[in-house]
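Data first, discussion second: the structure below is written as structure tokens.
Just so you know, all these numbers are worked out from the coordinates, no wet-lab data involved. Remember, it's a predicted structure, so these values are computed and weren't measured experimentally. Please note: Cβ atoms are built from the backbone with ideal geometry, for glycine as well, and neighbour counts cover all protein chains shown.
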Amino acid sequence: MKGLTENPIFQMACQQFDAAADHLQIPQGERERTKWPKRLITVTVPVQMDTGETKVFYGYRVQHHLTLGPTKGGLRFHPAVDIGEVAALAMWMSWKCALVGLPYGGAKGGITCDPNKLSVGETERLTRRYTMEMIPFIGSHVDVMAPDMGTNEQTMAWMMDTYSAQVGRAEPSIVTGKPVSIGGSLGRRESTGRGVSFLADRAADILKLPNDSRVIIQGFGNVGSVAAYSLAKYGNKIIGVGDRSGAIYNAGGLNIVTLHAHFQTHGTLEGYSEGDFITNDDLLIQECEILVPAALERVITEKNAGKLKCRILAEGANGPTTPAADAILRQRDDVYIIPDILCNAGGVIVSYFEWVQDLQNFFWSEVEVFDKLYRILTHSFDQVLKEAKVRKVDHRTAALSLGIQKVVEAKKIRGLFP
Ligand code: NAD
């Protein structure tokens, strides 16, 4: 699959898969069958811009495997989106869903665009046209999208509306992460960030870290901002927060409420006066107990892995740590990693709850949602720790192995047709 195999993020996902497959001793044929994405869809998305001009965007959707149920995964709007990144993210979704026991294969979608440079009207037209282009390939029992970087509840509402208008009935289960008023689930918006902080807190207990641990978070969007509030609620001290403009650092602790208010007024962290403005590179290597990357892939690399001064690396983002960085962290042995496919699984777990609620037209309270979420996360976390201990492997290999093994077994028992 030329083009795909040359992409560094896809290569990274393959390297991780190969390491886990070696560990599991998966035979070559089954390995190939499990690794490669089932469907890669590329579309052109023509949009009328506010100037009256027509601009063509590139859109993607990768459905990694369809063995266990519909595919499930987010939709990303970002300038760096390409088919390789989307395929890597789809692969990680497969192992994540299997690890936490959801009846889904992994998927991911994206449009190469800078959402910060689009007006609301342009974003809506882009979203609706992309949804139209995807209609032959999606469905409540085929492939269900959700928000990711650069997309949100509003994006999902436009997708649900476009799809529903085409099929002639309201179809809330076509997307998750939509507003509660049109069939979204209570708790979905906060689920990823709260899941990250729940697991970071459990890890802190295991390591017997102080209750007022110092926390640094890269990314102040859906995942990062909710994780900040939630970790602060557990009693931790947030000392650094970064976004695309740079980072704010205050060793004495940041006031998340005023920082958030500044962000909402200005759309950036820059200019917030109660801290030093530093680069994202510097942010990641400041001393802290809990470090949460919650923005892009590949931010922990061989260049900074040796310089990290955290005890827990709670991976809110997908793919934040490269295999080369992993090798360095394994040698160091003083950084406790909660790997992405476990750490940020709260989002897809509550997306699953939302899908189930939509299909049944029977909605749950927020308490029910978080109670069920924390049970699944606790069970999955314990399984990963057990696997790591029994097999003497790192947490990432353990988590990937558990997920991959389930997909391999499902494919084997279903057989090969014809
Ligand atoms: P978001 O768009 O709400 O926020 C992204 C944040 O990253 C923003 O604060 C942005 O400023 C920052 N950012 C962008 N480019 C950056 C750069 N170059 N350097 C530093 N910061 C940068 O996105 P999100 O939904 O919070 O997703 C963040 C990560 O979490 C992604 O990796 C996503 O795949 C992952 N994730 C999200 C969910 C979810 O439910 N939203 C679920 C699982 C995983």
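Compute the FRET efficiency between E270 and K303 as 1/(1 + (r/R0)^6), taking r as their Cβ-Cβ distance and R0 = 22 Å, and round to the nearest 0.05.
Efficiency for this residue pair is about 0.35.
Roughly how many debye, to the nearest 20, is the charge dipole of the chain about its Cα centre, given +1 on each Lys and Arg Cβ, -1 on each Asp and Glu Cβ, and no other charges?
Dipole magnitude for the chain comes out near 1180 debye.
Just report the Cα centroid separation between region 349-418 and region 15-58, whole Å.
Cα centres, region 349-418 to region 15-58: 22 Å.
Figure the gain on full extension for S181 and S119 (residue separation times 0.36 nm, minus the Cα-Cα span) and round it to one decimal in nm.
Contour length minus Cα-Cα distance gives 19.9 nm.
If you build a Gaussian network model of the chain, linking Cα atoms that sit under 10 Å apart, which residue out of G29, G235, G246 swings the most?
It is G29.
Report, to one decimal in Å, the Kirkwood hydrodynamic radius for the chain based on all distinct Cα pairs.
21.6 Å is the Kirkwood radius here.
Using +1 at the Cβ of each Lys and Arg and -1 at the Cβ of each Asp and Glu in region 191-338, identify which of L259, T322, G235 lies farthest towards the dipole's positive end.
In region 191-338, that residue is G235.
Express the relative contact order of region 17-92 as a whole percentage, based on alpha carbon pairs under 8 Å and six or more residues apart in sequence.
On the way: 73 pairs, mean separation 21.3, N = 76.
Value for region 17-92: 28 percent.
Using the count of nearby Cβ atoms within 10 Å as a rough guide to exposure, how do F362, F263 rank from fewest to most?
Ordered by Cβ neighbours within 10 Å, fewest first: F362, F263.
Among 299-310, 142-153, how do they line up from the highest to the lowest mean number of other beta-carbon atoms within 10 Å?
Top of the packing list down: 142-153, 299-310.
Find which of Y163, G221, A107 sits farthest along the positive direction of the dipole of the chain, computed with +1 on the beta-carbon of Lys and Arg, -1 on that of Asp and Glu, about the Cα centre.
A107
Could you work out how far apart the two model spin labels at K38 and Y234 are, taking each label as a point 7 Å from the Cα in the direction of the beta carbon, and quote it in nm?
Result: 3.5 nm between the two label points.
Treat every Asp and Glu Cβ in region 36-171 as -1 and every Lys and Arg Cβ as +1, leave all other atoms uncharged, and give the resulting dipole magnitude about the Cα centre to the nearest 20 debye.
In total the dipole reaches around 400 debye.
In a Gaussian network model over the chain where Cα atoms closer than 10 Å are linked, find which of M49, M160, M12 has the largest mean-square fluctuation.
M49
Assuming R0 = 35 Å, what is the FRET efficiency of E6 and D333, from their Cβ-Cβ distance, to the nearest 0.05?
Here the calculated transfer efficiency is 0.55.
What is the magnitude of the charge dipole of region 191-338 about its Cα centre, with +1 placed on the Cβ of each Lys and Arg, -1 on the Cβ of each Asp and Glu, and no other charges, expressed in debye to the nearest 20?
Here region 191-338 has a charge dipole of around 260 debye.
Name the helices (complete DSSP H segments) of the chain with a Cα length along the long axis of 27 Å or more and a Kyte-Doolittle mean of at least -1.0, or state none.
Helices meeting the criterion: 188-206, 366-391, 395-414.
Among S185, T268, A388, which residue has its Cα positioned farthest towards the positive end of the charge dipole of the chain, with +1 placed on the Cβ of Lys and Arg, -1 on the Cβ of Asp and Glu, and the dipole taken about the Cα centre?
A388
To the nearest 500 deg cm²/dmol, what mean residue ellipticity at 222 nm is calculated for the chain from DSSP H runs of n ≥ 4 alone, each contributing -39,500 (n - 2.57), summed and divided by the residues? Write down the numbers at each step before the final one.
Numbers: 14 runs with 194 residues, N = 418.
The helix contribution divided over the chain gives -15000 deg cm²/dmol.
Setting aside same-chain residues fewer than 8 positions from K38, which lysines have a Cα under 25 Å from its Cα?
K2, K72, K96, K108, K406, K411, K412
Evaluated at 4 °C with a viscosity of 1.567 mPa s, what Stokes-Einstein diffusion coefficient in µm²/s does region 310-393 have when Rh comes from the Kirkwood expression over alpha-carbon pairs?
88 µm²/s
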